[in-house]
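Below: the structure, in C-alpha cells.
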Amino acid sequence: MFSLIILAERTCELGFSQIVNQSYTAQSTTATQRGAKKYMLCGIKDSMKPISNIVIPDLKFELNAGITKIDVALTDIKLANLNVQDVAFNLFENRSQIAVLNCSVLINFQWSFQQQSYPYVVDKGSGKIIVNNGELKGDAGSEVDPECPGHLKVSISGAQISYESVNIVIDGGDTWLFQSIINIFQAIVEDELAKSLSKVLLEAFVKLLNNVFEDGRRFLDYTNHYNIIKDERYTTGIQAKDGAISLLFTGYVYARGNLTDDYVTPQMLNKVTYNKFNNDMQISIHESAINNAFYTFHKYENVYSSATYQVSQAPKITFYNAAAILEMQVKVNNSLVDLELIAHLQHENNLQEQRAYVFFTFQKYSAQTADESIDISYIEDDVVNHMNSVIKFACYQLSYTHLTELNDYTHMFDPVERVIRLVGPEEYECKGAR
C-alpha cells in the first residue's frame, strides 16, 4: 500500500495579514455524496491535460540474452494520457474513502541498448505501455498547508492499486541482434516499467485530486475594480459530515495595497453551516463577507457616493427572510441623512470573465434627517438609482468553476444563520471545463 501528498502550484506572496483558520470562514461550498462524486468526475476530466506531463525517472538495467549481455536504457518516460471513467465516494465523519475506477493509462518512452561484448551492437527506438481497467482505492485526506497558508494539500493514504492488463508496444530496432531477442526484450522492458507503475499511477491520481480542489490562485481580482481583490484561501481541510463535504474559504474582500486592514471583528466570526438541503450543491456566503465588501468599497473606492451626496460610513446589511435591509448614512450639504433600503438578492454568471456576481437591487424603505431643507424623497431616489447602477461590480464575486455556474441555482436568505444560500438544482450537472 502507498501514501502520497502532492501540492498544486501555489501563490503565497500577497501577504494577507489574517492568520487563516476555520474561525475566519465566511464562504463555503457544500456537496452531498452524490454531488461530490459528480463534481469530482467533472473536475477530473477538466484536469486530465495538466497531469499528462508527469515525468518518470529513467530506467537502466542489464538484459541477459544467454549468449550475450546487453545494457538497456529507458528514457524520456512520460505519462501521456490518463482517462478516468468513474469514481466511488464514501463519506464518514471527517474521513472520505475514494475509489478511482475503470481508468486507462498510456505511458510513452524511448529505449536504447548497447551490447557489452563484440561486436558491440547498438540500437534504439520508442515504445508505449497501455494499462487497461486500472483501479485505485484509498482514504482521502486534506489539510491547509502550514508553509503556504490558505492552500490545500490533498493526500491518499493506504492506497491499493490494481489493473486488468498491461500491453506494451515496441517500435524501432533495426539490428539483427534486436530482431533475435525481441520477445525477451519486450518482456523485460514491461517488467521493469511495471515496477514503477503503481507509484506513477498514485502520483497521477493524487495530482488529479489536487487539481480538482486547488488551482493555486487563492485570490480573485475584481471586475472593473482592479484595486479590489477577494481572499479565497481555504480556512481548513475538506470537511466531511452528515453525508456531505464542505469546502471552507475566508471569502473576505480587500484593497490590494491595504492587505493589513483586518476588517473582521469578533462578532463576525460565525462559521457558515453545512448543507441543509438534499440538492447536490450549495454555496453559502456569510453576512459578514457582504458587509466586509461594503466596508472595503466605501473606504478605498468611495464607489457608493454620488455628485449629490457623500456616504459618511460603510453601508451595513442585515438579512431577513424574503429580503435584506441596507442601512446607509449620507451627507448632503453638511447634513446627515439616515436611510434604509430594501435589498433584493440577485446573482449572475460571466463565463468570459470566469466569475459569478452576487449582488442586490434596491428600493426605498425609509429615510430621516434633522435638516428640513433637504428634499428627502429626492435623496432617496438618488441613492437608490446610484446604488443600483454600481452595485453589480461593487459587491461580491465568486471565482468561476464548473461548480459555481449559477444560472440554474436559486437564492435565498437564511436570517438564522445570517447567510445567503445559493442552492443548485436537485441533481448537479457538469457544465464543462473551468
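Values in this text are rule-based calculations from the coordinates and carry no lab data. In this text, all values refer to a predicted model and were calculated from it rather than measured experimentally. Methodologically, a virtual Cβ is constructed for each residue, glycine included, from the backbone with ideal geometry; neighbour enumeration extends over all protein chains shown.
The mean sequence separation of alpha-carbon pairs under 8 Å and at least six residues apart, normalised by the residue count of the stretch 219-423, gives a relative contact order of 19 percent.
Is the shape of the stretch 91-134 rounded, prolate or oblate, going by the alpha carbon gyration tensor and its root eigenvalues a ≥ b ≥ c, with a/c under 1.5 for rounded and a/b larger than b/c for prolate? Prolate, since a/c reaches 1.5 and a/b exceeds b/c. Taking only the Cα atoms of the stretch 219-423, the ratio Rg/Rh comes out at 0.98, with Rh defined as the Kirkwood radius. Can you give the translational diffusion coefficient of the stretch 310-353 in µm²/s, computed by Stokes-Einstein from the Kirkwood radius over Cα pairs at 4 °C and 1.567 mPa s? Value of D from the Cα-based Kirkwood radius: 104 µm²/s. Each eigenvalue of the Cα gyration tensor of the stretch 33-213, multiplied by 5 and square-rooted, gives one semi-axis; in descending order these are 39, 16, 13 Å.
Measuring nothing but how far apart in sequence close Cα pairs (under 8 Å, 6+ apart) lie, relative to its length, the chain scores a relative contact order of 18 percent. To make sure I understand the rule: partners must be aspartates and glutamates, Cα under 14 Å from the Cα of Lys299, and not fewer than 8 residues away in the same chain. Which ones qualify? Excluding near neighbours in sequence, the set is Asp261, Asp262. If you wrap the Cα atoms of the chain in a convex hull and average its projected area over all directions, you get 24.6 nm². For the chain, the residue among Gln354, Gln114, Ser157 whose Cα projects farthest onto the positive side of the dipole built from Cβ charges is Gln114. Projecting the Cα atoms of Thr235, His344, Val72 onto the charge dipole of the chain, computed from C-beta unit charges around the Cα centre, puts Val72 farthest toward the positive end.
Peptides 371-378, 218-225 ordered by packing proxy, namely the average of other Cβ atoms within 10 Å per residue, highest first: 218-225, 371-378.
Charging the Cβ of each Asp and Glu at -1 and of each Lys and Arg at +1, and nothing else, the dipole of the chain about its Cα centre rounds to 660 debye.
Length gained on full extension, Asp174 to Asp221: 11.2 nm, using 0.36 nm per residue less the C-alpha separation.
Label-to-label distance for Tyr378 and Gln354 is 4.8 nm, based on points extended 7 Å past Cα in the beta-carbon direction. In the chain, a dipole from Cβ-located charges (positive for Lys and Arg, negative for Asp and Glu) runs towards its positive end, and of Val105, Tyr365, Thr223 it is Val105 whose Cα lies farthest in that direction. Taking the average, over residues, of other Cβ atoms within 10 Å as the packing measure, peptides 106-119, 133-146 rank 133-146, 106-119 from highest down. In this rough spin-label picture, where each label sits 7 Å from Cα along the Cβ direction, the Asp76-Met412 distance is 5.9 nm.
Here the stretch 219-423 is assigned +1 on the Cβ of each Lys and Arg and -1 on the Cβ of each Asp and Glu. Its dipole about the Cα centre then comes out at about 560 debye. Note on Lys60: lysines with a C-alpha under 30 Å away, same-chain residues under 8 apart excluded, are Lys49, Lys69, Lys78, Lys124, Lys128, Lys195, Lys199, Lys207.
Helix content alone sets the calculated 222 nm mean residue ellipticity of the chain: runs of n ≥ 4 DSSP H residues at -39500 (n - 2.57) each, divided across all residues, give -7000 deg cm²/dmol.
You can think of it this way: the chain between Asp58 and Asn108 has 16.8 nm of extra reach, that is 0.36 nm per residue less the Cα-Cα gap.
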